[in-house]
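Visitor: I am attaching a structure below and will ask some questions about it afterwards.
Read-outs throughout are calculated quantities, based only on the coordinates presented, and are distinct from any laboratory measurement. Keep in mind the model is a prediction, meaning the values are calculated, not measured. Cβ: placed from backbone, ideal geometry, glycine included. Neighbour counts: every protein chain shown.
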Amino acid sequence: MKKYFAVALGILTAIGGFVDIGDLVTNAVVGSRFGMSLAWVVVVGVVGICLFAQMSGRVAAISGRATFEIIRERLGPRAGAANLGASVLITVMTLTAEVGGVALALQLASGVQPLLWIPLAAFAVWLVIWRVKFSVMENVAGLLGLALVVFGVSLFLLGPDWGDLKTQALQQTSHPRETPLTYWYYAIALFGAAMTPYEVFFFSSGGVEEKWTEEDLVTSRANVLVGFPLGGLLSLCIAGCAATVLLPRGIDVDALSQTVFPVAMGAGQLGLAVVILGVVAATFGAALETGLSAGYALAQFNGWSWGKFRRPAEAARFHLTMIICLVVAVLVLLTGVDPILVTEYSVVFSAIALPLTYLPILVVANDPQYVGEHVNGRLMNAVSTVYLALILVAAIAAIPLMILTKAGA
Amino acid sequence: MPDLPQHESPGQVLDVELHILDRQVLDRDDVPIGHVDNIEVDGIEPGRELDPASPPVVTNLVLNSGILPRMFGGRPPASRLHRVPWSAVRNVGTAIELGEPGASFDVTWSERWVRDHVIARIPGGRHAPE
């Protein structure tokens with residue numbers, strides 16, 4: 001019974017934890033501009049993150065080595081340091097976007113300026129990292145994040161033309177108002193939003209934090225293979241809401257209020273209250289994950305003592321790193337930069353940096369010294385190789401597309 | 001391990017590049033203390049043939065301080081290197097395990113400094129998370 005409970009809890013937190021500010025913003029933007037025609041990218045991205053998380057989770061459970069220890073070990077100092085630089089930069093960028101997201105959501109709830117919420121939100125994030133146990137932190141944030149299911153409920157209450165949404169999803173062509181270049185630019189953004197590198201740092205380090213062993217592999221696999229696809233479905237509901245309400249009215253998403261507007265229309269005041277709770281929980285949870293991920297990456301690369309299972313004094317440099325990252329995020333946000341803009345860039349840069357972390361994990365998931373008999377099977381390797389090609393193409397195409405489309409304008 | 005050259009001497013055959021360099025080093029209590037940036041080998045003199053009877057011996061692991069020379073070449077001053085004697089190594093697996101506490105090695109000084117001057121001074125810093 002206890003085991004089923006653990007699996008159910010893991011799945012629920014995986015759904016709630018899947019959606020972050022990147023998914024919220026990108027899916028709403030895409031839905032409002034391209035309808036459901038990019039739905040296939042979410043599917044591709046979810047399969048990718050399942051593969052990636054499953055491999056790194058397996059490596060962490062059996063060898064006890066988290067992602068960045070492996071990156072350092074396999075890529076050596078030079079390529080490893082370049083990788084670390086890129087990954088930490090993007091993770092701090094995502095952290096900035098998440099803290100900004102918390103502030104924007106609290107603004108929606110209270111009417112108080114986000115600039116006042118930013119330091120408060122960052123301090124709350126630090127306090128949780130400092131004092132709250134890993135499992136409690138993950139479960140509470142994940143379960144509250146489930147409030148975002150209200151996007152699905154609203155979609156039903158809005159009563160869209162399902163046939164029309166389906167045609168859009170199967171058409172896979174850009175909307176008449178858009179060019180093919182912006183279509184492909186947002187395809188990469190959506191891919192990056194679903195396959196954010198920090199999710200993998202966090203997932204594999206979390207495996208070490210919770211002291212996974214071989215026996216936990218089944219649980220972790222269930223969490224990933226059920227939780228993430230359901231999280232992806234939630235992403236599609238966000239896009240569906242935007243496609244139903246915003247697209248016909250020609251409303252562009254450039255603020256969080258437009259993302260949640262369809263929920264207010266479909267599910268009224270109560271729905272709005274629930275969705276704001278969900279957005280706060282999802283962005284706050286993701287801020288915790290990105291903050292920790294920045295600390296994990298730097299500590300593991302340098303071989304420092306790390307982990308929330310230790311007292312802060314026993315992982316001093318790890319905790320100092322996270323404090324510095326949070327301060328940087330707050331300073332960036334206090335310049336008045338738009339968190340939505342930071343989010344839009346962070347998902348594209350995530351796609352660019354993805355090959356750097358994906359390849360070492362793929363190599364080690366085939367190394368018997370690390371995973372013993374649990375090396376990748378043939379099918380797994382075939383699919384992973386296809387994804388490696390896909391990830392490379394997306395990473396290489398991202399910068400030219402960004403320049404050509406003026407970042408999707 | 002089939003891909004390594006056969007060796008007559010007993011014990012574990014390790015490839016320095018593959019199994020030692022850039023590996024995580026754990027102290028006696030499984031606390032990470034650093035990565036192997038480089039190694040020091042005794043018994044090699046420039047211009048002299050190696051004597052098969054007394055082969056070179058790995059004397060020290062260099063932790064978290066020899067990475068720049070490995071990337072760019074050159075030699076750092078010997079006093080700046082954080083060494084761990086090979087005799088302290090207890091096991092080499094997916095991490096290198098030592099038989100002594102981390103505090104007995106130089107390489108952990110920055111950890112101790114940050115702990116004593118910053119982290120332990122913030123309220124709750126010495127308490128386990130709840």
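Visitor: Taking the beta-carbon count within 10 Å as an exposure proxy, list A:Tyr296, A:Tyr345, A:Tyr370 from fewest neighbours to most.
Guide: With the sparsest Cβ surroundings first, the list reads A:Tyr345, A:Tyr370, A:Tyr296.
Visitor: Continuing with the same structure: How do A:Thr283, A:Thr244, A:Thr96 rank when sorted from fewest to most other Cβ atoms within 10 Å of their own Cβ?
Guide: If I rank by nearby Cβ atoms, fewest first, I get A:Thr244, A:Thr96, A:Thr283.
Visitor: Any idea what Rg and Dmax come out to for the range A:1-74 if you just take the C-alpha atoms, in Å?
Guide: 16.4, 46
Visitor: Cα centroids of the range A:347-409 and the range A:23-64: how far apart, whole angstrom?
Guide: The distance from the Cα centre of the range A:347-409 to that of the range A:23-64 comes to 12 Å.
Visitor: Could you derive backbone 3J(HN,Hα) for the range B:90-100 from the dihedral phi with the Karplus parameters 6.51, -1.76 and 1.60 (θ = phi - 60°), listing whole Hz in sequence and x where the residue is Gly or Pro?
Guide: Karplus-based 3J(HN,Hα) across the range B:90-100 equals 9, 7, 10, x, 6, 9, 9, 9, 9, x, 10 Hz.
Visitor: Additional query: Calculate for the protein assembly as shown the 222 nm mean residue ellipticity that helices alone would give, adding -39,500 (n - 2.57) per DSSP H run of length 4 or more and normalising by residue count, nearest 500 deg cm²/dmol.
Guide: -21500 deg cm²/dmol
Visitor: Once amide H atoms are placed 1.01 Å from N in the peptide plane, what residues at a sequence separation of 5 or more from A:Val132, or on another chain, have their amide H within under 5 Å of its amide H?
Guide: Amide H to amide H, under 5 Å and 5 or more residues apart or across chains, A:Val132 pairs with B:Glu130.
Visitor: Using r as the Cβ-Cβ distance of A:Leu331 and A:Ala124, and R0 as 22 Å, what FRET efficiency do you calculate, to the nearest 0.05?
Guide: 0.80
Visitor: Rounded if a/c is under 1.5, else prolate if a/b is larger than b/c, else oblate: which is the range A:1-144, with a ≥ b ≥ c the root eigenvalues of its Cα gyration tensor?
Guide: Taking the square roots of the gyration eigenvalues as a ≥ b ≥ c, the range A:1-144 is rounded.
Visitor: To make sure I understand, if each residue's beta carbon is the centre and we count other beta carbons within 10 Å, what order do A:Ile90, A:Ile276, A:Ile62 fall in, fewest to most?
Guide: So the ranking, lowest neighbour count to highest, is A:Ile62, A:Ile276, A:Ile90.
Visitor: Per residue of B:104-114, what is the mean number of Cβ atoms on other protein chains within 10 angstrom of that residue's Cβ?
Guide: 3
Visitor: When N counts the residues of the range A:2-404, how does its alpha-carbon radius of gyration compare numerically with 2.2 N^0.38 Å, as a ratio?
Guide: Normalised by 2.2 N^0.38 Å, the Cα Rg of the range A:2-404 equals 0.92.
Visitor: Residue by residue through the range A:101-106, which ³J(HN,Hα) values in whole Hz follow from phi under the Karplus form 6.51 cos²θ - 1.76 cosθ + 1.60 (θ = phi - 60°), with glycine and proline marked x?
Guide: Going residue by residue, I get x, 4, 4, 5, 5, 5 Hz, with x marking Gly and Pro.
Visitor: For the range A:192-207 and the range B:71-130, what is the separation of their C-alpha centers, rounded to whole Å?
Guide: That distance is 27 Å.
Visitor: Which three lengths, in whole Å and largest first, does the range B:1-101 cover when its Cα atoms are put on their principal axes?
Guide: For the range B:1-101, the Cα spread along each principal axis is 38, 33, 23 Å.
Visitor: Under 14 Å Cα-Cα from A:Lys211, which aspartates and glutamates qualify once same-chain neighbours fewer than 8 residues away are excluded?
Guide: Counting by Cα, and skipping residues close in sequence, A:Lys211 has these aspartates and glutamates nearby: B:Asp30.
Visitor: Here is a further query. Just to confirm a number: summing +1 for Lys and Arg and -1 for Asp and Glu over residues other than A:Leu95 whose beta-carbon lies under 15 angstrom from that of A:Leu95, what do you get?
Guide: So the environment of A:Leu95 carries a net charge of -4.
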